[in-house]
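Asks: The structure under discussion is supplied below as structure tokens; questions concerning it will follow.
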Amino acid sequence: MIHKLALRNLLRNKRRSSLTSVIIVFAFSMMILFMGLSDGGHKAMIDIGVRMGLGHIIVQHDSYSDDPALQHLIAKPEQVIEQITQQYPTLTAVTRLRVDALIQAGRHGVALTISGVQPNKENQVSAIADQKAIIAGQTLPQFSQDQQMQRLGGIVIGETLAKNLEVRIGDTVTITAKPASGADLARSAFMVAGIFKTGLHEIDTFWAEVPLTSLQTLLEVPNSASQIALYSQANPETLAAITQQLTTALSDYDVQPWQTAAPELYSAVTLDAAGMYLLMLIVYVVVAVGILNTVLMSTFRRQKEFGMMIALGSRASTVSKVVLLEAVYLSAFSLSIGLALGLWGHYHFATEGLNFKEVFGTAMEAGGVLLPEKFYSILDTSKLTLSVLFVFLLTIIVTLIPAIRAGHRSPLAATQDA
Amino acid sequence: MIKLTKINKIFADKHQSFHCLKDIDLTINQGEFTVIAGPSGSGKSTLLNIMGMLDKPTSGNYQFDDNDVAKFSSNKLADIRRDKIGFVFQAYNLMPVLTALENTEMIMEFSGVSKKERKQRAIETLEAVGLGEFKNRFPAQLSGGQQQRVAVARAIAAKPLLVIADEPTANLDSQSTESLLDLMVSLNEKLGITFIFSSHDPRVIERAHRVIHLQDGKVMRDEQLENVTAGQPQAAMSS
């Protein structure tokens, strides 16, 4: 009967219950929607971020972070990679050599970062000069297969850099850098194989990629690398565990997760996640206030009824249960609808994606990363389950005091005028 | 069944106090059909509230079935009210969201009576008060007299020893009053349920076995009337 009492009491003031329910449904469904889009956005940010010359995990010489000189390179990187892939065969490893250099074409010269890459491997994990980013010419792997272009080593450069140097595909540029021997500056000519556009000013203006072996030769550092970048499909928790284990296994090296290697990206993701948590907090407050308002109004008007129940022999706990059940039913109903609507919205954005550029008219850059035009909603079921359970718990917590007070009404209230 | 000794009730706040009941000594025996009469403000309702364990006296001793009520916890008091006392309030006090049948079943549910049994007893009781065909109606769909009958049905369905009714006819027309009184007298005679009313309605007083006149918080007169049914209690202690 207490269930019947609770349900009918909710229906007693349909307008108040409906209004509370609508508020909770709206807030909760929006929370699910934003939770999915936020997590999807974060994944997109991280995915694109680690593909911008980074990696999920970076392995480098112990002193490279403090002093990125050619004296602090990884010697025989293939041995390190073998050690890593024996333990984690699912990881994709690429070797890179980076140096600050001068690129010249005719009367133009620009200081930039040259990245020596393994063309075929890099092309699978990088978004800087892959097929999608190349707006003119070829990627490095395509160029290396083109026998007619083999007079010189190939180089891919950013769109803005190409404009600044006034070069086109097939033009020759000269790279000047200080070799490891510390001798005079070393120079090498490269043919512009491709021009890429990432949308990121820093990369498009001050970045170029050449084959790893060409740069090793130029810098006189055969079989050495600045870093080994590792890529993984694992979830963040597994990735963190792998990083931890690698840190122990490769104690002579500096093993950094992307969060350390790209602090701006990590800050952007963390800041955005904080915004999401703030939204969740607002939703929790809305739900709590909505339920509390309904329960307070409802119990305030029923003092005489509670007194009557006590007078007739009901235990205080029974009266409290009725009030608690009202809140639980209202919350359960509203959350179910909110969950269904939120999941429906999530499904839409998980399959169709949210076209950021279409909605906001411009692509968005965050943490040094240009977000993809379209990203997809991703729901973390454990986070969602926790949210639902937390809201239930919150419902009980905010109702507890009014419920206890209702149960401790004096039976004399039954004899008083309403 | 009920023994009140030197019962006083004082209502007080920071500014004033009101001595509502003054040294009440009273014994009510099992099976009595008693009316507590008196003008408004004489303390009738307060006395009923104390006898019904809804309120506590400021001083004095209350024995119910030879037990000192002052020693009972609030849960024990609730259990006694649930199992031994039926209440009929002036304003009916039905649960508006429950039907007549559900209202009648409510106390039995509190007592843990099985669903089947309490439904059967509730239907029988509603039929006994002439509301069998209205059992599925909500209070708002019943007249004042019908609501009061449901309240009576609720009070007696759990088979209490004592029914306390605070001016049960105050809101009823003559026909409903007569019909309700017939029912209560019948229950008193057939089941031996003790009835204690508060009322200044002459139609109620003339049906009583015993009338306790209260004035300014004191028992002024305690009279046994002639319409005491054979087999009903004879004893009454005057104040």
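Asks: As an exercise: evaluate B:M184 against (1) part of a loop (DSSP other than H, G, I, E, B); (2) within 18 Å of the chain's Cα centre (by Cα) and give the number of the one condition it does not meet.
Replies: Evaluating B:M184 over (1) part of a loop (DSSP other than H, G, I, E, B); (2) within 18 Å of the chain's Cα centre (by Cα) leaves (1) as the failure.
Conditions (1) away from every other protein chain (no Cβ under 13 Å); (2) modelled with pLDDT of 90 or more; (3) out of contact with any Asp or Glu (no Cβ under 6 Å at 6 or more places or on another chain), marked per residue:
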site: B:T34; (1), (2), (3): yes, yes, yes
site: B:K44; (1), (2), (3): no, no, yes
site: B:L48; (1), (2), (3): no, yes, no
site: B:G52; (1), (2), (3): no, yes, yes
site: B:F64; (1), (2), (3): yes, yes, yes
site: B:S74; (1), (2), (3): no, no, yes
site: B:T99; (1), (2), (3): no, yes, yes
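Asks: In the stretch B:98-135, how many are polar (S, T, N, Q) and farther than 23 Å from B:L77 by Cα?
Replies: Result for the stretch B:98-135: 3.
Asks: Identify, by number, the condition in (1) surrounded by fewer than 17 Cβ atoms within 10 Å (Cβ to Cβ); (2) under 30 Å from A:G36 (Cα atoms); (3) in contact with a Lys or Arg (Cβ under 7 Å, 6 or more places away or on another chain) that A:L278 doesn't meet.
Replies: Every listed condition holds for A:L278 apart from (3).
Asks: Related question: Take A:L215 and decide whether it is surrounded by 17 or more Cβ atoms within 10 Å (Cβ to Cβ) and hydrophobic (A, V, I, L, M, F, W, C).
Replies: In short, yes.
Asks: Determine whether A:T294 is at pLDDT below 85, more than 14 Å from chain B (Cβ to nearest Cβ), surrounded by 17 or more Cβ atoms within 10 Å (Cβ to Cβ) and assigned to a helix (DSSP H, G or I).
Replies: yes
Asks: Spot the failing condition for A:R98; the list is (1) modelled with pLDDT of 90 or more; (2) assigned by TED's automatic domain parsing to the domain that holds A:F390; (3) not hydrophobic (A, V, I, L, M, F, W, C), and only one is missed.
Replies: Failed condition: (2).
Asks: If you don't mind, another one. Failed condition for B:R154, given (1) over 17 Å from B:K119 (Cα atoms); (2) crowded, with 23+ Cβ neighbours inside 10 Å; (3) not hydrophobic (A, V, I, L, M, F, W, C), with all others met?
Replies: Condition not satisfied by B:R154: (1).
Asks: Now for a different question. With under 20 Å from A:S126 (Cβ atoms) and either aliphatic (A, V, I, L, M) or assigned to a loop (DSSP other than H, G, I, E, B) (or both) as the only criterion, which of A:P89, A:P68 stands out?
Replies: Residue meeting the stated conditions: A:P68.
Asks: Which one of A:L19, A:L33, A:L10 is in a helix (DSSP H, G or I), exposed (fewer than 15 other Cβ atoms within 10 Å of the Cβ) and among the hydrophobic types (A, V, I, L, M, F, W, C)?
Replies: A:L19
Asks: List every residue pair whose Cβ atoms sit under 6 Å apart, with the two residues 6 or more apart in sequence or on different chains, where the first one lies in the stretch B:1-16 and is over 22 Å from B:L162 (Cα atoms) and the second, anywhere, is aromatic (F, W, Y).
Replies: Filtered contacts from the stretch B:1-16: B:F11/B:F18.
Asks: Out of all the residues in the stretch A:227-238, is one or more assigned to a loop (DSSP other than H, G, I, E, B), under 27 Å from the mean Cα position of the chain (by Cα), at negative phi and surrounded by 14 or more Cβ atoms within 10 Å (Cβ to Cβ)?
Replies: Yes, the stretch A:227-238 has at least one match.
The values are calculated or read from the model by the stated rules, or taken from the named source; none is laboratory data. Worth saying up front: this structure is predicted, and the values here are computed from it rather than measured. All Cβ positions, even for glycine, are placed from backbone atoms using ideal geometry, and neighbour counts span all protein chains on display.
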